[in-house]
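Computed from the coordinates by the stated procedures, all read-outs in this text should not be read as laboratory data. Since the structure is predicted, the reported quantities are computational estimates derived from the model, not experimental observations. Positions of Cβ are backbone-derived with ideal geometry, glycine not excepted, and every protein chain shown enters the neighbour counts.
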Amino acid sequence: MLTLFNTLTGKQEPFTPIEPKRVRMYVCGVTVYDYCHIGHARSALVFDVLRRYLEYSGYEVLFVKNFTDVDDKIIRRANEQHVPCDVITSKYIDAYYEDMGKLGIKPASIEPKATEHMAQIIALTDRLTQKGLAYSMDGDVYFQVDKYKDYGRLSKRKLEELQAGARVDVDERKRHPMDFALWKSSKPGEPSWSSPWGAGRPGWHIECSAMSITHLGETFDIHGGGMDLIFPHHENEIAQSCGATGKEFANYWIHNGFVQINQEKMSKSLGNFFTIRDIFEKEVQQWPEAVVGEMLRYFLLSTHYRGPLDFSDQSVHEAKNALDGFYDLFKRLREDEQGTLDEEARTIIDRARLAYRQKLDDDLNTPMALAVLQNMKTNVNIRLERWSNESRKQTRAAFREFGAVLGLFQLEPEQWQFNPLQISVHEDVVATDSASVGFRESAKAAGKASILTDTEIESQLAERLEARRKKDFAKADEIRKSLAAQGIIIEDKPDGTSRWKR
């Protein structure tokens, strides 16, 4: 049974939807004033996989993901470029679809825009004022947080300890420093809509409440987004939505962790800020776009969604190495052989399917699910030469089935481009086929292959593993670089172990 970590309760819980076999899910989308970065990619991928796994498990999923297309940043960008706001938003919505398409992110069932829901936003704001939970001043409307007694229950903060957050307007007219804007009176040059309080535009938080309630109802199953949205955005959504309806807003709150760049927080000021298209433009110089998309997905899924993710070129290329191993197997699964042992193949597939589902049922544990697939690959590699064509066909179909949940393994082997000099692979058994032997001999003759023995390499890998356990990353990296200089490439597997290639 699927269990998910619920930020609202602070614990992992069995997932039980409101309606049997039907899931209603809302995820906060992007503010369309710039290109999407790697953090956006991670969040999009996490909920893409959750949606895929729910569907794989037999649920009908109504998935809503919005576009914030009216916002201070959008207005600022439009003014800088001397164009209307919709020119900015249209450009970056198109860019969003292009970037997410390269990553294999499926479009949501419904993708609403804030500007298309002004009537619902105004009605919800009016509902809150009528209930005495919001107040208006000079054309602005604020939610009064001390009127909602459960404020802070998502972020586990007490109201008296809270200070104004980065996206909370500081206004001395407010009755409490944490009161937040539901409606903002218009300023010269800003887009505006008529309302009972005068011309203006919505605050950020009310947009998502209005759009989710419109398309999913007053109570739905899952609300998700990045960990940075827990406070104040999602906290404020709960307050205004529950305050207006008197009902629970969403039953499960799911949040993905942050992305770091080389173990530092991603930040434009630090110069380590990467957009999705930055990464693609760099990597497509080496591999086709479809290959880059899959290697990025594999990399992003190799860390549990709730933990921090460290982005580096090395990590992405290690994901490519791992995928090379899978596609090499897929290529050989198409070879014409006349072996038998169909029962053996079925046993491997069935065991892998059970283990795979157990890992994903455990709070969508994609690193361990990948480890199951790696183990399946090893088991198939050892036995493949004895299998019939039907066994090979069933095995490839199983990898496609499992991979579809993660958005992996859907390319044909001829569409995949392998790394150069990746013929000999050491994994459980040392390759001894004639092609590998020939490669090693020619490489040695060229002076490019390692003169280290297998035992020496394994010893250094054990030393590196111990250094990583002690968090001595400098030493671990030094060993990796030393081996790389001798033609040995290390691949760190999702289960914490490593393998190597000459």
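What the table shows:
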read-out	value
Anisotropy class of segment 3-257 from Cα gyration tensor, a/c 1.5 cut	oblate
Positive-end residue of L154, I254, M25, charge dipole of the chain with Cβ unit charges	L154
Residues of type lysines that K475 reaches as a straight line, Cα spacing below 25 Å, ignoring anything fewer than 8 places off in the same chain	K265, K320, K448, K493, K501
Packing-based ranking, highest mean first, of 86-94, 470-478 given that Cβ atoms within 10 Å are counted	86-94, 470-478
Unsatisfied cross-links (Cα-Cα over 23 Å) in the set K21/K359; K21/K156; K156/K247	K21/K156
Segment 152-262, dipole about Cα centre (Lys/Arg Cβ +1, Asp/Glu Cβ -1), debye to the nearest 20	180 debye
For V291, net neighbour charge (Lys/Arg +1, Asp/Glu -1) across residues whose Cβ lies under 15 Å away	-4
Cα-centre dipole for the chain with unit charges at Cβ (Lys and Arg positive, Asp and Glu negative), debye to 20	520 debye
The chain - share of DSSP beta bridges that are antiparallel (%, nearest 5)	55 percent
Charge dipole (segment 3-257, unit charges on Cβ, about Cα centre) - positive-most of V61, V141, V87	V61
Percent RCO, i.e. relative contact order, over segment 3-257, from Cα pairs under 8 Å lying at least 6 residues apart	24 percent
Rounded Å value of the spacing that divides the Cα centres of segment 61-99 and segment 370-384	44 Å
Estimated dipole of segment 278-405 in Debye, rounded to 20 [Cβ of Lys and Arg +1, of Asp and Glu -1, Cα centre]	380 debye
